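For reference, the structure is listed below as structure tokens.
No lab work stands behind these numbers, since they all come straight from the coordinates. Computed from a prediction, not measured in an experiment: that's the story for all the values here. All Cβ positions, even for glycine, are placed from backbone atoms using ideal geometry, and neighbour counts span all protein chains on display.
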Amino acid sequence: MLIEKYGLKHLSTGDLLRSEIALQTPLGMEAKNFIDKGQLVPDEVVIGMISTALETNPDVPGFLFDGFPRTDAQAEALDKLLQLKKTSIALMLALDVSEEELIKRLLNRGQSSGRSDDTDEAVIRSRIHEYENKTKPVADYYSAFDKVVHIKGEGSVDEIFNALCEEIEERKH
Ligand code: AMP
């Protein structure tokens with residue numbers, strides 16, 4: 001809904017990794033070992049993929065990064081890549097959802113997504129553990145530049161979408 005409303009290019013590192021796995025590339029095979037355990041894929045793999053995606057989309061009005069950056073090192077690398085393009089991150093949107101609700105949603109999605117990392121509760125818990133240790137600190141990185149907005153990620157899709165749009169509109173100018 002956001003990419004449609006704002007004409008952005010959606011870049012999801014998870015989607016990019018899953019397409020590498022489907023194509024059985026060496027990168028995909030390496031990434032699969034981590035994904036199946038609920039661990040983050042090494043920074044250099046993900047940063048390389050994002051760098052290529054930025055190069056191959058030179059003329060888009062903007063990007064919506066989804067599931068990236070997930071570590072401080074990724075955030076720093078992204079800043080450097082964007083600097084080369086004389087641009088920067090406008091906003092980090094953090095959707096806050098309770099752990100219980102996250103587990104429920106992922107197990108539910110696992111019934112139709114075919115994603116091996118959505119079906120096993122132990123893997124889901126490991127993903128949440130990785131988030132707490134490595135991804136949560138990324139908000140502090142962007143807070144230092146006053147770029148973080150927290151939004152309640154529970155409620156209906158429309159409620160959450162409207163809350164996101166309000167925050168974006170407020171900071172657009
Ligand atoms: P997602 O589709 O965003 O839920 O990501 C699924 C899995 O792909 C994660 O649990 C990680 O193993 C891997 N992954 C996706 N994005 C990243 C990232 N930015 N850094 C490291 N690993 C990632």
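Some observations on this one:
- Every listed requirement among (1) farther than 19 Å from residue 161 by Cβ; (2) part of a helix (DSSP H, G or I); (3) more than 9 Å from the ligand (Cβ to nearest atom) is met by residue 4 save one, (1).
- In region 7-27, the qualifying residues are those that are touching an Asp or Glu at 6+ places or on another chain (Cβ under 7 Å) and within 11 Å of the ligand (Cβ to nearest atom), and the one that is nearest to residue 125 (Cα to Cα) is 12.
- Among the residues listed as 134, 147, the single one being under 19 Å from residue 8 (Cβ atoms), surrounded by 16 or more Cβ atoms within 10 Å (Cβ to Cβ) and not hydrophobic (A, V, I, L, M, F, W, C): 147
- Scanning region 41-73 for residues that are assigned to a strand (DSSP E or B) and aliphatic (A, V, I, L, M) yields one hit, 64.
- In region 74-96, the residues that are within 13 Å of the ligand (Cβ to nearest atom) and either among the β-branched types (Val, Ile, Thr) or in a strand (DSSP E or B) (or both): 95
- Looking only at region 28-70, residues that are within 8 Å of the ligand (Cβ to nearest atom), more than 18 Å from residue 90 (Cα to Cα), touching a residue at least 40 places away in the same chain (Cβ under 8 Å) and of a type in the set (A, V, I, L, M, F, W, C) come to 2 in all.
- Subset of region 28-59 [closer than 22 Å to residue 4 by Cβ and surrounded by fewer than 14 Cβ atoms within 10 Å (Cβ to Cβ)]: 56, 57, 58, 59
- In region 141-162, residue farthest from residue 103 (Cα to Cα) [restricted to those that are free of Cβ contacts under 8 Å to residues at least 60 places away in the same chain and hydroxyl-bearing (Ser, Thr, Tyr)]: 143
- Criterion: under 16 Å from residue 136 (Cα atoms), more than 13 Å from the chain's Cα centre (by Cα) and of a type in the set (S, T, N, Q) - qualifying residue of 39, 74: 39
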